[in-house]
1. Exactly one condition in (1) loosely packed, with under 14 Cβ neighbours inside 10 Å; (2) closer than 22 Å to Phe39 by Cα; (3) modelled with pLDDT under 95 is not met by Ala69; state its number.
2. Looking at segment 151-168 only, could you name the residues that are in contact with a strand residue (DSSP E or B) (Cβ under 6 Å, 6 or more places away or on another chain) and modelled with pLDDT under 95?
3. Name the single residue that is farthest from Glu296 (Cα to Cα) among those in segment 63-79 being not small (Gly, Ala, Ser) and not in a helix (DSSP H, G or I).
4. Just one of the numbered conditions (1) over 21 Å from Val77 (Cβ atoms); (2) out of contact with any Ser or Thr (no Cβ under 9 Å at 6 or more places or on another chain); (3) modelled with pLDDT of 95 or more is not true of Val171; which one?
5. Among strands (runs of 3 or more DSSP E) lying entirely in segment 88-189, which contain 1 or more residues that are acidic (Asp, Glu)?
6. So which of Gly242, Gly259 ends up being farther than 26 Å from Ala50 by Cβ and either at pLDDT 95 or above or touching a Gly at 6+ places or on another chain (Cβ under 7 Å) (or both)?
7. Does segment 194-203 contain at least one residue that is under 24 Å from Gln273 (Cβ atoms), assigned to a loop (DSSP other than H, G, I, E, B), in contact with a helix residue (DSSP H, G or I) (Cβ under 9 Å, 6 or more places away or on another chain) and among the charged types (D, E, K, R)?
8. How about segment 113-130: which of its residues are surrounded by fewer than 24 Cβ atoms within 10 Å (Cβ to Cβ) and either among the aromatic types (Phe, Trp, Tyr) or under 21 Å from the mean Cα position of the chain (by Cα) (or both)?
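The values are calculated or read from the model by the stated rules, or taken from the named source; none is laboratory data. Keep in mind the model is a prediction, meaning the values are calculated, not measured. Backbone-built Cβ (ideal geometry, glycine too); neighbour counts: all protein chains shown.
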Amino acid sequence: MEQRQVGRSGLWVSRTALGTMTWGKDTSEEEAGQQLTAFVDAGGTLVDTADIYTGGQSERILGRLLNAAVRREDVVVATKTGHTPEGYRRVDASRRHLLASLDASLRRLQTDYVDLWQLHVFDPVTPPEESLAAMEAAVAAGKARYVGTGDLEAWQFATLATWQRAQPGRVPLVSAGTEYSLLNRGADQALRPAAKAADAHLIAWSPLGRGVLSAKYRNGVPPDSRAAFPHMAPYVEPYLDGHSRRVVESVCTAAEGLGVPPLAVALSWARDQAGVASAVVGPRTLPQLEGVLRVEGVELPPEIREALDDATAGHER
């Protein structure tokens, strides 16, 4: 699997990343282990998690697998911080919370460091310089190798990145996480240019449009799909509208012409956009991951990429 440089940093990651949001709920630990082994065997390196995924279970499972299924040095571990679902406020990017949450993540992950530590959300009441100073302290202590953001607005990312670049020697933000697919091109309007200006790259999640671009919902909702699960249906349903159906048909037309599955077209489009370091897929099952790995080498001809660009340009969610 191709490895890509993240921003102008020394961090390199696989162009397809393994997401773990379902681990511990919809994906068992046994199947998570099978996924991780298959992913690493295929040359994948970047594994993305967060302190809030399944109440910390995602990190716990990954931590156990890093000591059993694969070698720690073969995996680029990325996690996130900032959400406080059990706290008295929704987000907290204070020095107190960030450093405590990192220590908790390291305990769950059973590792001394994370490769990429991401500020998951923007805290409007904590001074940005305090949050950034905490992230710098984590790097200085050797607990985080690189830092980035998880899901910030473009102006929020630009504010933090500019502060870090204002003085030589500060630890730069090397990545900006965002949802990005043919069904959600909001990052094109501001975040992708902002990241480029800051010498950072995007970590694009949900490149398959929350599964819709795989065409599995083309003729209804399969009983074993996310949209059929009560806790996941609200996540998928916004992408089952008329615009999405038209985009899916365009993807299917391109896929038929190339002789590949629709997910190959959707994944390649997002993964290979300029400024994207890696696209994060979040398979619930091993067969789903195997389907992604089988089409890892697919790259879209320029004329098909341009046609899809034209058909979806300017569409935000």
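1. (1)
2. Within segment 151-168, just Asp151 meets the criteria.
3. The initial filter retains those residues of segment 63-79 that are not small (Gly, Ala, Ser), namely 64-67, 70-77, 79.
Checking the rest, the ones that are also not in a helix (DSSP H, G or I) come to 67, 70-71, 75-77, 79.
Numbers: Asn67: 27, Val70: 21, Arg71: 22, Val75: 18, Val76: 19, Val77: 21, Thr79: 24 Å.
Out of the qualifying residues, it is Asn67.
4. All conditions are met except number (1).
5. Details: elements: 114-119, 144-149, 173-179.
Passing ranges, in order: 114-119, 173-179.
6. Working: Gly242 fails: either at pLDDT 95 or above or touching a Gly at 6+ places or on another chain (Cβ under 7 Å) (or both).
One residue alone meets the criteria, Gly259.
7. Within segment 194-203, the first condition is being under 24 Å from Gln273 (Cβ atoms), and the residues that meet it are 194-203.
Retained after the next criterion (residues that are assigned to a loop (DSSP other than H, G, I, E, B)): 198-200.
Next, only the ones that are in contact with a helix residue (DSSP H, G or I) (Cβ under 9 Å, 6 or more places away or on another chain) stay: 198-200.
Among the residues that remain, those that are also among the charged types (D, E, K, R) are: 199.
Taking every residue of segment 194-203 in turn, at least one turns out to be under 24 Å from Gln273 (Cβ atoms), assigned to a loop (DSSP other than H, G, I, E, B), in contact with a helix residue (DSSP H, G or I) (Cβ under 9 Å, 6 or more places away or on another chain) and among the charged types (D, E, K, R).
8. Looking only at segment 113-130, we keep the residues that are surrounded by fewer than 24 Cβ atoms within 10 Å (Cβ to Cβ), and these are 113, 115, 120-130.
Correct list: Tyr113, Asp115, His120, Val121, Phe122, Asp123.
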